[in-house]
Amino acid sequence: MSATPPSAVAPTRLSVRDALAEAVAGMLRRPGRAVLTALGTVLGVGSFVAVLGLTATISAQIDGRFNVLTATEVSVEDVAAQQNEFAGPGFPADAEQRLRAVAGIEHAGVLWTVRLDSRTTVGPLPSGAGDPATGTAVVAASPGAVAALVPTLQQGRLYDDFAERGHERVVVIGSGLAARLGITTLATRPALYIGQEPFTVAGIVADLERRPEHLMSVLVPRATAEQLWGPPAPGAASVLIATELGAARQVADLAPLALRPDHPEYLKAVPPPDPRMLRSGVTADLSALFLLLAGICLVIGAVGIANTTLVAVLERTGEIGLRRALGARGRHVSAQFLTESAALGALGGLVGTSLGEMTVVGVCLVRDWTPVIHPVTVAAAPLTGLVTGLLAGLYPAWRAARVEPAEALRR
Amino acid sequence: MRLLRRQSRQDPQPSDEGDSPVIELRGVGLTYPGPPPVEALHPCDLTVRRGEFITVVGPSGSGKSTFLNVAGLLDSPTSGRYLLDGIDTAALPDRERTALRGRRIGFVFQSFHLLPHRSALENVALAMLYTGIPRAQRLVRARAALDQVGLGHRTGAVPGRLSGGERQRVAIARALVGRPSLLLCDEPTGNLDSANAASVLGLLDDLHGAGMTVLVITHDPEVARRGHRTVTIRDGRLHP
Ligand SMILES: Nc1ncnc2c1ncn2[C@@H]1O[C@H](COP(=O)(O)OP(=O)(O)OP(=O)(O)O)[C@@H](O)[C@H]1O
Ligand SMILES: [Mg+2]
């Protein structure tokens, strides 16, 4: 008798849908165990999402702080006294005009905090009378320096070069100080006394984007201050430069030379910090450490899934034998256990992603940050769980495929 | 049970080799490799024709299960030729052997082998999981098979909630739902009391009456008498 061609019997198969249904049924057999098994992956994926999310969030905070304002600010310090004690003031009188020749500068000017003796107070009346605003600093600032502070004018006007040249007795004050001094309107041309010297309040500023601490100071034209209280103490003065975007480093290189071509070493220009260095410095080490920990969690999670799946294969040897008797091929049995472990991993990944996101949002709520999680992180995290489960299921699935049906059914 | 007969007669046998024997063993033997090697089945010849009810008896350890594993394609013989429905199984790759096993043979085991956390219906439907029948149709057919074995009212019960006899009837429903050419039963009443055993044997009688080829392995001479023909196996030797 000749053998019938093998094609007489259609091969058996297992559809993806059925494999998924069997895997879910297998997980539901022992729901408690499934949850515990997925826990390792939950922790691993959760910490991945939390670490990546927090890193992104912190970077965003730094990016926020390191804005256009910081990137376009250069300050020049007077270090002349340190170089040579007979050098005199580091900045020339025509500092502002000299800086106008440097390309890339928007505003620039000299400013320093005027040293007053302790009896000289700032108030609505001459010193010794009335109620002075104690602790108020007087800052000599050239018109260019005031502009570089990026003031938002509330009332009146800023003093200009004309006022500077005329040694006018005018001041600009912050709205906070104005409220403290009881000045509500400039229409009455209110006066302000520094010591015995009366000044006209030219303007009130609501905000200073740079050096906002000067909102509580009195800004006086540089020439006026020099005339009244003498030149700044050695090293007290500095030049504040607002540059065009991207010009800061170049300006920092050129400014000392432009100001003091004879002795550029008397001046020290401070460029803005490199944002990339700033960010990596803060977070790189920490996030690398946490990512390592998350990776360890994930490996532990994978070992947990591998272990449970292997135990399930051994426990369910009879079931494997039965399925083989019902027409399952070795690969169908493999696929079932692989799907089961992958589903466990994916479940852990999904729960872990949610927990990680909740951690990031929670930390942001406490620290008043804006949570930033890269979409790739959110998409990749459950996938990571799935892949972890798949890898973990490889060995148990291989074992399951090798179970001899006759052997398995003997149990 | 009249319902059962009618329905089964309507179902054409899946085999197209109507005249060829269901089982044809020619010098088939099996030696477990060991060590030490165990010749569990000495080379033997046996022919089982379509529609026969044959019983295999023998004492414990005589090789009955070994014989069933060979007949059921769960184990490959180490010698001889085995033709199932006229198909030479020795030449088949694993894929075809598995397909033949899944589509042409129904198994009833002594220990039932029901999945514990699945309902009776799901357990029966499992028999068609690998045959490519859509799920909805699998459930319809599983329900019909449970009706056939008189368990139409217990479809939702998990095996733990069923009596021994009911469990074995679920297992029989699972074995027959795929409309196999051959029903192989290894000690189907071994774990049952006499009343349950009687109901299971009555069911097998009915299936045979409906045209199914049935092979029952037992160590119980009482059960063996049910068959058309009894084959004795002793120390791995088959005595027709
Ligand atoms: N995998 C194996 N390797 C080696 N020897 C085996 C193996 N399986 C079974 N045997 C031996 O083969 C012989 C037949 O075993 P088998 O299980 O077929 O007996 P049986 O007739 O079904 O017995 P029982 O009535 O107790 O179920 C026994 O001696 C047994 O020890
Ligand atoms: Mg046996």
Notebook entry, point to check: What is the spin-label model distance, in nm, from B:HIS117 to A:LEU314 if the labels are put 7 Å beyond Cα along the C-beta direction?
Noted result: 1.9 nm
Next item on the list: With a probe of 1.4 Å, find how much accessible area segment B:23-239 has per residue, and write the answer as a whole number in Å².
Entry: 36 Å²
Checklist line | Net dipole in debye of chain A [+1 Lys, Arg Cβ; -1 Asp, Glu Cβ; about Cα centre; nearest 20] | finding: 2580 debye
Notebook entry, point to check: To the nearest 10 Å², what's A:TRP398's accessible area with a 1.4 Å probe?
Noted result: 130 Å²
Next item on the list: For segment B:64-78, list whatever residues lose no less than 50 Å² of accessible surface once every protein chain is in place, relative to that chain by itself, with the probe at 1.4 Å.
Entry: B:LEU74
Margin query: Give the A-B buried accessible area in Å², both sides summed, 1.4 Å probe, nearest 100.
Written below: 3400 Å²
Margin query: Once you place label points 7 Å from the Cα toward the Cβ at B:ALA136 and A:GLN154, how far apart are they in nm?
Written below: 7.5 nm
Note to self: Which log10 I(q)/I(0) values does segment A:69-273 give at q = 0.12, 0.14 Å⁻¹ under the Debye formula, counting every alpha carbon as one identical point scatterer?
What the structure shows: -0.59, -0.80
Next item on the list: Have a look at A:ILE58, B:ALA120, A:GLY40 and report the one farthest towards the positive end of the charge dipole of the protein assembly as shown, computed about the Cα centre with Cβ charges (Lys/Arg +1, Asp/Glu -1).
Entry: B:ALA120
Margin query: Only bridges whose two residues both fall in chain B count here: according to DSSP, what percent of them are antiparallel, nearest 5?
Written below: 50 percent
Notebook entry, point to check: Size of the dipole of segment B:23-239 about the Cα centre, Lys and Arg at +1 and Asp and Glu at -1 on the beta carbon, nothing else charged, in debye to 20?
Noted result: 660 debye
Next item on the list: Would you compute, from DSSP H runs of 4+ residues alone, the mean residue ellipticity of chain A at 222 nm, taking -39500 (n - 2.57) per run and dividing by the full residue count, rounded to the nearest 500?
Entry: -17500 deg cm²/dmol
Next item on the list: Taking the convex hull of the Cα atoms, report for chain A its projected area averaged over all directions, in nm².
Entry: 33.5 nm²
Item checked: Over segment B:81-235: Rg over Rh, Cα atoms, Kirkwood Rh -> 0.97
Notebook entry, point to check: How many angstrom separate the Cα center of segment A:306-327 from the Cα center of segment A:184-227?
Noted result: 86 Å
Item checked: Those residues of segment A:296-341 for which accessible area with every protein chain present is at least 40 Å² below the isolated value (1.4 Å probe) -> A:LEU322, A:ARG323, A:ARG324, A:ALA325, A:LEU326, A:ARG329
Margin query: Could you work out how much longer the chain between A:LEU69 and A:HIS374 gets when fully extended? Use 0.36 nm per residue separation minus the Cα distance between them, nm to one decimal.
Written below: 107.2 nm
Note to self: From the phi angles alone, apply the Karplus equation (6.51, -1.76, 1.60; θ = phi - 60°) to segment A:39-48 and give each ³J(HN,Hα) in whole Hz, x where the residue is Gly or Pro.
What the structure shows: 4, x, 5, 4, 5, x, 5, x, 5, 4
Item checked: Among A:VAL387, A:VAL251, A:GLN97 the positive-end extreme of the charge dipole of chain A (Cβ point charges) -> A:VAL387
Check: With every protein chain left in place, what is the accessible area of A:GLU197 in Å² (1.4 Å probe, nearest 10)?
Finding: 60 Å²
Note to self: Distance between the C-alpha centers of segment B:89-109 and segment B:132-155? Whole Å please.
What the structure shows: 23 Å
Item checked: Total formal charge among the other residues, if their Cβ is under 15 angstrom from that of B:ARG161, Lys/Arg +1 and Asp/Glu -1 -> +2
Check: When the helices in chain B are scored as -39500 (n - 2.57) per DSSP H run of 4 or longer and the sum is shared across all residues, what 222 nm value do you end up with, to the nearest 500 deg cm²/dmol?
Finding: -10000 deg cm²/dmol
Check: Looking at A:ALA179, A:ALA147, A:PRO396, which one has the Cα that reaches farthest to the positive end of the dipole of chain A (charges on Cβ: Lys, Arg +1; Asp, Glu -1)?
Finding: A:PRO396
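The values are calculated or read from the model by the stated rules, or taken from the named source; none is laboratory data. Small disclaimer: the values here were computed from a predicted structure and weren't measured. Every residue, glycine as well, gets a Cβ built from its backbone with ideal geometry; the counts of neighbours run over all protein chains shown. These area figures cover heavy atoms from the full protein model, side chains too; ligands, DNA and RNA do not enter into them. Shrake-Rupley method; radii C 1.70, N 1.55, O 1.52, S 1.80 Å.
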